[in-house]
Amino acid sequence: MSAPVLPDGNQVDTSAANPASTVLDASRRQPASSPSGAAELASQPISSLSPEDQGKLAVAKKLVIDNLRYEPDFPIPGIKFIDILPIFQNPVAFASLLDVLVLLIQERFGSQVPDVIIGLEARGFLFGPPLALRLNRPFVPVRKKGKMPGACRTVEYTKEYGTDEFQVQTSAIKPGQQCLIVDDIIATGGTAAAAGKLVELSEAHIMGYLFMIDIINLKGTSLLGDKPIITLVEHNEEE
Ligand SMILES: O=P(O)(O)OC[C@H]1O[C@H](OP(=O)(O)OP(=O)(O)O)[C@H](O)[C@@H]1O
Ligand SMILES: Nc1ncnc2[nH]cnc12
C-alpha cells in the first residue's frame, strides 16, 4: 500500500511511526479502518489552513487514531477505556500531535495566543507542557486534591467513572489571563467543566478547551457553555 500523499503531491513516510499499521491515503477525511473501527476524524473546518498544513493535519490525525488502544471494562465494568499512551511511545506520532495542536490553536484563535496552558491530571500533563513550550507560554497543572503544597482552590466533580476533586494553586493563574484548558479526552465533560470553574474562581478567562479525543455519544461538550472547543478526533462508542 502506498504512503499518505500530501496535497503538494509528496508522500509522507509514517512507517517508522507504526510499522504494523495500515498506511492510508492522508487526503481522505476518514480512515478506511482503525483499531476499533469507531474513532473518526473530527469534522471541524480546516479550510483556513494551507494545503501543506491540511496534509500535516490529516497525517497527524491518522497517526493518533492508529496509536490508540481500547481496553474493555477498565477501570470499572462497562467502560470501554481509550488508552492514549502508545502515542507517547512513538516519537513520530507525538511530534506530529504537537505540530497539529499548534496549527489548530492558530486556526481557531488567529494571532491571539493563550496566556497560559492549563493541563489536567494526569494525561493532560503528557502533552500540555510541551505544547506550552511550543507556544512559549506558562503551563499550570490542575491536580487531584492533596497533591500540591500551599493554598489551593478546590472543586468537586463527577466524571464518566466516578467522582473526584480538582485543585489549582491559588497564585498559579493570574486574574484576567486567557486560559486554554487541555486534556486527552472529554467523556461526560465533568472533568473539563471543573477545570473551567477553577479558572473562573481564579478570576481569569476560559479562552477555550482543547482535547485529543471527544467521546461524542456522551455529549460532554454540552457542559462547556459557548467556549471554543478544539477536538482532534471524535470517537463514538455506539458505533
Ligand atoms: O469527561 P469526563 O467524564 O469527566 O472524563 C474525562 C477525564 O477522565 C480521564 O481522567 P481520569 O479522571 O481517569 O484521570 P487520570 O488521567 O489521572 O487517569 C481523562 O483523562 C479526562 O481527564
Ligand atoms: N472511556 C474513557 N477512556 C479513557 N479515558 C476516559 N476518561 C473518561 N472516560 C474515558
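Computed quantities for the displayed model
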quantity	calculated
Some residue of the range 117-131 being surrounded by fewer than 18 Cβ atoms within 10 Å (Cβ to Cβ), in a helix (DSSP H, G or I), free of Cβ contacts under 8 Å to residues at least 40 places away in the same chain and out of contact with any Pro (no Cβ under 7 Å at 6 or more places or on another chain)	yes
Looking only at the range 154-196, and only at residues there that are surrounded by fewer than 18 Cβ atoms within 10 Å (Cβ to Cβ) and β-branched (V, I, T), the one that is nearest to ligand 1 (Cβ to nearest atom)	T158
Strands (runs of 3 or more DSSP E) fully within the range 138-225 counting 2 or more residues that are in contact with a helix residue (DSSP H, G or I) (Cβ under 6 Å, 6 or more places away or on another chain), closer than 18 Å to D83 by Cα and within 16 Å of ligand 2 (Cβ to nearest atom)	178-186
Filter result for G189 (touching a residue at least 24 places away in the same chain (Cβ under 8 Å), within 21 Å of the chain's Cα centre (by Cα) and at positive phi)	yes
Unique match (being under 15 Å from D115 (Cβ atoms), touching a Leu at 6+ places or on another chain (Cβ under 9 Å) and of a type in the set (A, V, I, L, M)) among L135, L232	L135
Number of positions in the range 76-95 that are closer than 19 Å to N236 by Cα and surrounded by fewer than 10 Cβ atoms within 10 Å (Cβ to Cβ)	2
Tabulated pairs, the range 53-81, first over 16 Å from I215 (Cα atoms) and within 13 Å of ligand 1 (Cβ to nearest atom), second of a type outside the set (V, I, T) and outside any strand (DSSP E or B), C-beta under 8 angstrom, 6+ apart or interchain	P75/Y161; I76/Y161
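Laboratory data are not the source of any read-out in this text; all were calculated from the coordinates shown. Everything numeric in this text was worked out from a predicted model, so none of it was measured. Here Cβ is always computed from backbone atoms with ideal geometry, including for glycine, and neighbour counts include all displayed protein chains.
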